[in-house]
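So the structure is just underneath, and the comments pick up after that.
Here, each number is a calculation from the coordinates, and none is a lab measurement. From a predicted model like this one, the values you see are computed outputs, not experimental measurements. All Cβ positions, glycine included, derive from the backbone under ideal geometry; neighbour counts span all protein chains shown.
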Amino acid sequence: MTANGRKKKPVAPATRDIDIIYQENILDHYRRPRNFGRIAGASASRKEANFSCGDDVEIFILFGTDGRTKEVKFEGRGCAVSQAAASLLTEQAIGLTRKQLAALSAGDVVAWLGIPIGPSRLRCATLALKALQNALAGDDKV
Amino acid sequence: MKSGKIDIKKVRRDFPMLAAKGRKPFFYLDSAASSQTPASVLKAMDGFYRKYRANVHRGMYPASETATAAYEDGRRRIAELVNAAPDEIVLTRGATEGLNLLAYTLSTRLGPGDEVVLTVMEHHSNLVPWQQLAKVRGFAVKFIGLTPEMTLDLEAAKKLIGPKTKVVSAMHISNALGTVVPVKELAALAHRHGAVFIVDGAQSVGHRPVDVKDLDCDFLAWSGHKMFGPTGIGALYGKREMLRGLPPFLYGGDMILEVSLEDSVWNDLPWKFEAGTPNIAGGIGLGAAADYVRGLGLEAIAAHEREMTRYALAKVSAIPGIRVFGPPAGTDRGGVVSFALGDVHPHDMSTILASQGICVRGGHHCAMPLMRLLGVNGTTRASLSAYTDKADIDALVAAIKQAAKIFKV
């Protein structure tokens, strides 16, 4: 089970309908990303890139005194899938503990996107999650 | 060699992947990455596996002798395709291996003060080996740039190629832009200064007539799977005296005549460069692919690709918000249409096209320095072949328009 209590594996597209792949929701997150920007004095931050497609995402995390995320922001450029996934992640990661953040999976991201993600696009979908989890792994502050 | 026009309906029937009935829409526009395979090639390889499978050059029994004859007959037909002699054709895994073989073996004679000249369009397989070996051997790598029309800047080439130049290596046709490099002119420039001249023919051999004597190249490397052959096989042509002068690239069985614990004697050409059991079925399949393209006629294939490219360029260029990369219409170019639509990422574009059954490639096309030069992360590329028809192009254009609607370009 994942942090959200959902058990999801990345799925190959069952249907390749164009409207399903590029739902309004994804395009909205792509065109108007949520929590876009940097956090001065972030508890942890990390930039990850997919050099093969030129996508990049930098994640900033700020923890509150209760040990839960108070703010998560990102900056990035790239395809709709990578940027929408980053935007969704910043919404979903609020109020989570380090342990819960570490337990987030590719399946969670695919579920938030709500679209079929094939193996070749999974790296786009999980770029922000990789940045977030590597940010935490590279930081041993409690 | 045949000339005239190819019968597109008949050609499409030759390819099981294109002829399959009752399948979902399949518009294959990714032949620059890998072409489809005609039934004749499949049959040739199947014959080896079903009827006479055995190792080559060793067994004294009939199956091995048949396999050896079929493999060497494949080499002969591959040689004929580019007007070479069979002993000048080394069978490799593909253009990448051929180009690495050349970089590794030629660079043993290079050092500080020497220069290798490439073009800025090179595929990573012809750039990275030289770049990395330059760090080991101390020679310098120089790059010929492009004109604003995205053709090779021959004036720059004339200035770059000089007495320090020991090797000039260039692609014949750009996989990312479709630019045709004036390889004959480069050959003359290289030879004037005593430099070795290499052509990467991955996008030209099997697409248009390529004659090593006419080009006067010292080496020509290409891949089988981009010219209707199987994957995992390619060829490297080298002028006989050039191949003789090179040290072996890989050591092992088959490339050797005599071995003692202290030293070894290399086998004759071309086996000196084919260590280990070769890709036997691949060599037989590539021989069949060479027969196939010669059967269609290289001039006829080139004419068909030119016609389809013209059609595609006209249709795609007319889409509002589109930017097409590569030489302007009317220039000789390969069957590649590379484009960007507004700020739509090439991976998003490729995904949208895939949802409509259109197979293209989105990304940097293994030419990251070129993409940087163009100021883009990548492009979406439709690439054409002898079996491409107008329906493929029309489907592409309709789907790009749909993408424009979705992304509100």
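Shown in residue order for region A:55-60 are the 3J(HN,Hα) couplings computed by the Karplus curve 6.51 cos²θ - 1.76 cosθ + 1.60 at θ = phi - 60°: 7, 9, 9, 10, 10, 10 Hz (x for Gly and Pro). Mind jotting down the distance between the C-alpha centroids of region A:50-106 and region B:205-274, whole Å? Using only Cα atoms, the two centres lie 51 Å from each other. Fewest neighbouring Cβ atoms within 10 Å first, the residues B:ASP30, B:ASP263 line up as B:ASP263, B:ASP30. With the cut-off at 1.5 for a/c, could you classify region B:1-141 from its C-alpha gyration tensor as rounded, prolate or oblate? Oblate is the answer for region B:1-141, as a/c is 1.5 or above yet b/c matches or exceeds a/b. Could you tell me whether region B:242-324 comes out rounded, prolate or oblate from its Cα gyration tensor? Rule is a ≥ b ≥ c as square roots of the eigenvalues, rounded for a/c under 1.5, then prolate if a/b exceeds b/c, otherwise oblate. Cα axes put region B:242-324 in the prolate bin.
Using the Karplus relation 6.51 cos²θ - 1.76 cosθ + 1.60 with θ = phi - 60°, the per-residue 3J(HN,Hα) values for region B:45-57 come to 6, 4, x, 4, 5, 8, 10, 8, 5, 5, 6, 9, 6 Hz, with x marking Gly and Pro. Applying 0.36 nm per residue to the separation of B:SER264 and B:ARG13 and subtracting their alpha-carbon distance, the gain on full extension is 85.3 nm.
Per residue of the protein assembly as shown, the DSSP helices (runs of n ≥ 4 H) give a summed -39500 (n - 2.57) that works out to -12000 deg cm²/dmol at 222 nm.
Using the alpha carbons alone, the radius of gyration of region A:33-142 stands to its Kirkwood radius in an Rg to Rh ratio of 0.94.
Starting from the Cα of A:ARG77, move 7 Å in the Cα-to-Cβ direction to define the label point; list residues of region B:135-156 whose amide nitrogen is under 20 Å from there. Those under the cut-off are none; the list is empty. Counting every C-alpha pair in the protein assembly as shown, the share spaced more than 43 angstrom apart comes to 29%. Look at the dipole of the protein assembly as shown built from charges on Cβ: of B:VAL183, A:CYS53, B:PRO209, the Cα furthest out on the positive end belongs to A:CYS53. Per the Debye calculation on region B:42-295 with a single equal scatterer at every Cα and no solvent contribution, log₁₀ I(q)/I(0) for q = 0.08, 0.16, 0.17 Å⁻¹ amounts to -0.32, -1.15, -1.26. Straight-distance candidates among the lysines for linking to B:LYS166, with alpha-carbon spacing under 26 Å and chain neighbours fewer than 8 residues away dropped: B:LYS135, B:LYS142, B:LYS158, B:LYS184, B:LYS213, B:LYS239, B:LYS272.
Remark: region B:130-138, residue by residue, has Karplus-estimated 3J(HN,Hα) of 5, 4, 6, 5, 4, 5, 7, 8, x Hz, where x stands for each Gly or Pro and the curve is 6.51 cos²θ - 1.76 cosθ + 1.60 at θ = phi - 60°.
Nearest 5 percent is fine: what portion of the DSSP beta bridges confined to chain B is antiparallel?
Around 55 percent of the beta bridges assigned by DSSP in chain B are antiparallel ones.
Once you have the Cα-Cα distance between B:THR331 and B:ARG58, take 0.36 nm times their residue separation minus that, and quote the gain in nm to one decimal.
93.2 nm is the gain from fully extending B:THR331 to B:ARG58.
Between B:PHE27, B:ALA235, A:SER105, the Cα set farthest toward the positive side of the dipole of the protein assembly as shown (charges on each charged residue's Cβ, about the Cα centre) is that of A:SER105. The gain in end-to-end length when the B:ARG192 to B:ASN83 segment is fully stretched comes to 36.9 nm, 0.36 nm per residue minus the alpha carbon separation. Its Cα centre serving as origin, the protein assembly as shown has a Cβ charge dipole (Lys and Arg +1, Asp and Glu -1) of approximately 1540 debye. A simple spin-label model places pseudo-atoms 7 Å from Cα toward Cβ; at A:LYS47 and B:ARG50 they are separated by 5.8 nm.
Looking at the protein assembly as shown, what % of its DSSP beta bridges pair antiparallel, to the nearest 5?
65
When the P(r) is computed for region B:141-206, the part past 21 Å accounts for 19% of the Cα-Cα pairs.
Dividing the Cα convex hull volume of region B:274-409 by residue count, how many Å³ per residue is that?
For region B:274-409, the hull spanned by Cα atoms encloses 150 Å³ per residue.
Using only side-chain charges placed at the Cβ, +1 for Lys and Arg and -1 for Asp and Glu, the dipole size of region A:23-137 relative to its Cα centre rounds to 180 debye. Restricting the GluC sites (Glu not before Pro) of region B:100-170 to loop positions (DSSP other than H, G, I, E, B) with no more than 13 neighbouring Cβ atoms within 10 Å leaves B:GLU149. In this structure, A:ARG68 and B:ASP343 have a Cβ-Cβ separation that, at R0 = 56 Å, corresponds to a calculated FRET efficiency of about 0.95.
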